[in-house]
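Where a number appears in this text, it was derived from the coordinates with a stated rule and is not lab data. Since the structure is predicted, the reported quantities are computational estimates derived from the model, not experimental observations. Cβ coordinates were reconstructed from backbone atoms using ideal geometry, including for glycine residues, and neighbour counts include every protein chain displayed.
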Amino acid sequence: MQEKVTVLGLGAMGAVLAHLLVQEKQEVTVWNRTAAKAEQLVKDGANYTNDIHAAVQASPIIIICVLDYKVTYDILRDVDLQGKTIVQLSTGTPQDAREMAAVMQSRGALYLDGAILATPSQMGQPSTPVFLSGTEKAFKRSEAVLKILAGTLMYMGDAPGAAAAWDLAALSSMFGMMFGFFHGARIIEAEGLQVAALGNMISGISPVLGEMVKSTADDIQQEHFTSPQSSLEICALSFELMMRQAAESSIAAPFPEFALGLFNKARAAGYGDERLAAMMKVLR
Ligand code: NDP
């Protein structure tokens with residue numbers, strides 16, 4: 001079905017979103033602060049206007065992908081949003097989402113907050129993940145259009161902050177592993193080995209890492225901290241070894257230092273013979 005859709009923001013991500021919609025023969029209007037970024041889209045069939053009021057009036061569904069929420073408030077300051085379905089795909093915090101949901105509701109719009117968990121080149125695939133939350137009516141109204149952008153839409157319910165919370169939690173999990181990998185790569189380099197081979201190895205064992213996260217999450221959910229197969233103390237000792245290896249090889253060790261600091265707090269709290277999940281009690 002052809003929909004009228006407006007895309008506000010044609011940065012690296014917004015331009016790809018607009019392009020995918022044009023490709024799927026939607027009636028697309030685009031607006032961007034810097035007009036030049038719309039040139040290719042216009043050649044491909046999008047309508048461009050430099051008037052934000054006209055851009056919003058052109059379509060019932062408005063997709064926003066600008067730098068952040070502050071820019072969103074700035075560009076929509078005096079714009080009539082009555083009856084529009086607004087989908088915010090700029091990245092923010094749960095609080096940003098809640099505040100914007102309240103403002104959009106007061107201005108007569110349906111609001112859906114979204115978080116894209118992919119890079120521009122990964123958009124438009126069946127597996128592309130996007131978290132969404134906000135009024136179900138807004139989700140249903142925009143679902144078909146959003147499916148063009150990302151095949152794996154995950155609607156997390158009507159609490160507007162949920163998508164941003166899921167996004168930040170997923171980013172933390174992902175980049176947390178990356179920092180561990182970076183230190184691993186320094187160990188490999190220090191021994192004259194190949195970092196690419198470490199990448200291959202970690203990729204190969206990724207299902208095991210996934211299982212470890214999943215079972216630890218279950219332990220936390222059930223407050224199940226005792227009877228470990230490998231105790232928190234055993235895990236802490238591997239970081240003692242990393243610190244010693246770093247000194248022996250003269251490499252910097254900010255990541256093991258940080259982790260050992262938390263392990264030492266857990267030890268001091270008496271959690272050494274508990275499961276790794278007991279770290280959660282330190283963080284709480
Ligand atoms: P870019 O930096 O490429 O684009 C930023 C966009 O915001 C441009 O359209 C820019 O306009 C606009 N903008 C910035 N400041 C202002 C302002 N003061 N007034 C009006 N417009 C402004 O960023 P991306 O496209 O990469 O990211 C956009 C959003 O998407 C971000 O929130 C990002 O976190 C999110 N995102 C991006 C991903 C990625 O991999 N790129 C992945 C997941 C989410 P102009 O062209 O005029 O500068």
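Taking amide H as placed 1.01 Å from N in the peptide plane, the amide H of Leu10 sits under 5 Å from that of Arg33, each at least 5 places away or on another chain. Highest-first packing order for the peptide set 149-162, 68-81, 4-17, 45-58 is 4-17, 149-162, 45-58, 68-81, based on the mean count of other beta carbon atoms within 10 Å. Which value, in debye to the nearest 20, gives the size of the charge dipole of segment 78-172 about its Cα centre, when Lys and Arg are +1 and Asp and Glu are -1 at the Cβ? The calculation lands at about 260 debye.
With the charge dipole of the chain set up from +1 on Lys and Arg Cβ and -1 on Asp and Glu Cβ about the Cα centre, the Cα lying farthest toward the positive end among the listed residues Gly151, Gly134, Gln105 is that of Gln105. Long hydrophobic helices in the chain, taken as whole DSSP H segments with a C-alpha length of 24 Å or more on their own axis and mean Kyte-Doolittle hydropathy at least 0.0: 162-190, 232-249.
Quick one: pull the percentage of alpha-carbon pairs in the chain with a separation above 25 Å. The partial results should precede the final answer.
Numbers: 22827 of 40186 pairs.
Counting every Cα pair in the chain, those more than 25 Å apart make up 57 percent.
Evaluated with a Cβ-only charge set (Lys, Arg +1; Asp, Glu -1), segment 1-128 carries a dipole of roughly 20 debye about its Cα centre, given to the nearest 20. For His53 and Met178, a Förster radius of 45 Å and the Cβ-Cβ distance give a FRET efficiency of 0.60, rounded to the nearest 0.05. Please find the FRET efficiency linking Gln229 to Asp78, where r is the Cβ-Cβ separation and R0 is fixed at 45 Å, and quote it to the nearest 0.05. Efficiency for this residue pair is about 0.15. Per the Cα gyration tensor, segment 23-113 maps to an equivalent ellipsoid with semi-axes of 23, 14, 12 Å, ordered largest to smallest.
With 31 Å as the limit on Cα-Cα distance, the pairs of Lys70/Lys281; Lys43/Lys137; Lys70/Lys147; Lys4/Lys37; Lys37/Lys147; Lys43/Lys84 that go past it are Lys70/Lys281; Lys43/Lys137.
Sorted largest first, the principal axis extents computed over the alpha-carbon atoms of segment 58-211 equal 63, 29, 26 Å. Give, to the nearest whole percent, the P(r) tail of segment 164-244 beyond 23 angstrom, counting all Cα pairs. In whole percent, the share of Cα-Cα pairs in segment 164-244 beyond 23 Å is 35.
Computed about the Cα centre, the dipole magnitude for the chain is approximately 480 debye when only Lys and Arg (+1) and Asp and Glu (-1) carry charge, each at its Cβ.
Report the percentage of all Cα-Cα pairs in segment 110-175 whose separation exceeds 14 Å, rounded to a whole percent.
In whole percent, the long-distance tail amounts to 54.
Once backbone amide H atoms are built at 1.01 Å from N, Tyr48 has Val30 as its partners under 5 Å, excluding neighbours fewer than 5 places away on the same chain.
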